[in-house]
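Visitor: Supplied in structure tokens, the structure appears directly below.
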Amino acid sequence: MGKVKIIILIFLLFLAGCQSQTAKEPEVEKETFVDTVQSTPTPEEKVPEKEGSGLSEKITEDGTPKDAADKVITLKEGKAFGELIKVGTEDDIYCNLQQNLNNISSEEKLLLVCPDPVYGITYYVDYGGDYFIHAIKEGKEETIVEIPAKRLFCRGGKLYFMVKDYEKYALEGLINGDVLTYDPNDGKVTVALSGLGSEMKTSERTVTRGEKTIEVPEIVEVADTSMTIYQDGIYYTQKGENILVDDTYFYRPENNYYYSFETKELKQFDPNISFNSFTRWGKYLITDTFDNIGNNFEFTGNGLFNVETWEEEPLDLAWDVLSVLGDHVYTTAVLGTKWVGDGYSYGDAYSEIAVYNLKTGEEERHFFSRAENRYLSAFFMFNNEMYFSDLYYYSFQEKKEGKAYCNLHKDYVNVDIISEFYTDGEQLYGVSKIDKKLYKIEQHENSYTVPGTSHNYDRRFDFLPIGGQE
């Protein structure tokens, strides 16, 4: 994993030892209004003169508007869907559905779908299309923010998201990794966090791996950014490029920040402390821990960190790929093969799915007649079923497993088809690896045989456009 990961120290940021240092001083909640982006033209194209207010021309390099009169972006009718009425309440903890965040490594997801229960709006990024943010309410779709985005979260009726150009757009007044908010009541887009996506300071001046020690630059470029939002605030991560050490080991600089919705302050975790992925369960963070053993970083177990008392409790698990849904933790726990003659029969390889009850400490095991590596296997929990990237599934209610067919291409068999699953609570969505687009997925329970082939499937998944996509 690159470093010793100790999640339980996350909340040291609330202590006096928390620091606030970056390569460039980030800007926080400055209520700066921003405009859209411009696509990068090909050499054969000529950029037309922009008509209208020319808002994007009035955005300076640091993201602040030159003219206060041009602070507001005017969207369709000034706002999405006209006058909005509150129709529900948000979760006490989660700013996106627990299903969408239920994998402990979910911070690596693009996270392109988020439902807002306050106004009954489903937001999504038209991935593979314009990459802008769209919204659906009561069957009606609007393009609401013409900024390429990832990592969607909803809080207080507003949408939070990160800017990502996907190497398809030239950003004006914004950089990758900026965090923006959209208010559906007035159509305004404001800057929540900026200045974290370009350069970062490193905490270590030298790094030793094996027999070799190298010097680490004080400032490096940010290669990737991520954020996870719970109701208390924004957890933000900067990651630099991998620095190779002796062509065998590598060091990847990483900085972690916390922005409190209550105090409106951004603080950096102690740069000498790094933590791995975590997921929230009630007042706890479910953590994983790694020990540095002779230059090898070895996963050692899970724990519970109480965010109210800052006390750690051991958790009788040793799972580094897991999902938390409700009060249960899911993982593919055991990988086995049957011994046949002079060797193992991988055709008879199997796994066990473990379901651990966090309240009672009880564990169930489910036999699963295929091999799943507990260190690598990715899956998605939805409607009491476990979905895998190759469209295999396991139903906990029916205690049934099987393979689904998708309509994108009949020749894709036993290969990964989905890179990320999501849901809005009712509908299943997926990002296709075949054409790299986001689809809604309609499931048909009936068995299916591909015409002209011998490929038999237990179900059929229809990958369909979302909203008004073509």
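The values are calculated or read from the model by the stated rules, or taken from the named source; none is laboratory data. Just so it is clear, the model here is predicted, and its values are computed rather than measured. Positions of Cβ are backbone-derived with ideal geometry, glycine not excepted, and every protein chain shown enters the neighbour counts. When the accessible area is computed, the model is the full protein with side chains, heavy atoms only, and any ligands, DNA or RNA have been set aside. Shrake-Rupley method; radii C 1.70, N 1.55, O 1.52, S 1.80 Å.
Visitor: For Ser226, indicate whether it is hydroxyl-bearing (Ser, Thr, Tyr), crowded, with 18+ Cβ neighbours inside 10 Å and in contact with a Pro (Cβ under 8 Å, 6 or more places away or on another chain).
Guide: So Ser226 does not fit the description; no.
Visitor: Can you list the strands (runs of 3 or more DSSP E) found entirely within region 158-230 that contain at least 1 residues being of a type outside the set (Val, Ile, Thr) and farther than 30 Å from Asp92 by Cα?
Guide: The qualifying strands (runs of 3 or more DSSP E) are 199-201, 206-209, 212-215, 219-230.
Visitor: Next question, about the same structure. Out of everything in region 279-299 that is more than 21 Å from Thr360 (Cα to Cα) and surrounded by 14 or more Cβ atoms within 10 Å (Cβ to Cβ), what residue ends up being modelled with the lowest pLDDT? Step through it out loud before you land on a result.
Guide: Our first condition is that a residue be more than 21 Å from Thr360 (Cα to Cα); within region 279-299, this holds for 289-299.
Okay, now just the ones that are also surrounded by 14 or more Cβ atoms within 10 Å (Cβ to Cβ), so 289-290, 297, 299.
Values: Thr289: 59, Phe290: 51, Phe297: 47, Phe299: 56.
In this case the residue turns out to be Phe297.
Visitor: When you scan region 130-156, how many residues do you find that are surrounded by fewer than 24 Cβ atoms within 10 Å (Cβ to Cβ), of a type outside the set (Val, Ile, Thr) and over 30 Å from Ser377 (Cβ atoms)?
Guide: Qualifying residue count for the region: 13.
Visitor: Would you check which residues across region 176-206 are at negative phi and out of contact with any strand residue (DSSP E or B) (no Cβ under 7 Å at 6 or more places or on another chain) and list them?
Guide: Asn185, Asp186, Ser203, Glu204
Visitor: Which number in (1) within 26 Å of Pro217 (Cβ to Cβ); (2) modelled with pLDDT of 90 or more; (3) in a loop (DSSP other than H, G, I, E, B) marks the one condition that Thr263 misses?
Guide: For Thr263, the exception is condition (1).
Visitor: Filter region 138-173 down to the residues that are within 20 Å of Tyr235 (Cα to Cα) and not charged (D, E, K, R) and list them by number.
Guide: If the condition is that a residue be within 20 Å of Tyr235 (Cα to Cα) and not charged (D, E, K, R), then Ala149, Leu152, Phe153, Cys154, Gly156, Gly157, Leu159, Tyr160, Phe161, Met162, Val163 are the ones that fit.
Visitor: Here's something else I'd like to know. From the list Pro253, Pro184, Pro217, which residue is loosely packed, with under 14 Cβ neighbours inside 10 Å and not small (Gly, Ala, Ser)?
Guide: When all the criteria are applied, what remains is Pro217.
Yes/no matrix, rows are residues, columns are (1) of a type in the set (Asp, Glu); (2) surrounded by fewer than 16 Cβ atoms within 10 Å (Cβ to Cβ); (3) modelled with pLDDT of 90 or more:
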{"site": "His409", "(1), (2), (3)": "no, yes, no"}
{"site": "Asn414", "(1), (2), (3)": "no, yes, no"}
{"site": "Phe421", "(1), (2), (3)": "no, no, yes"}
{"site": "Leu428", "(1), (2), (3)": "no, no, yes"}
{"site": "Asp435", "(1), (2), (3)": "yes, yes, yes"}
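Visitor: Would you point out which residue out of Tyr439, Tyr405 is open to solvent by less than 40 Å² (accessible area, probe 1.4 Å) and at pLDDT below 90?
Guide: Every option except Tyr405 fails the conditions.
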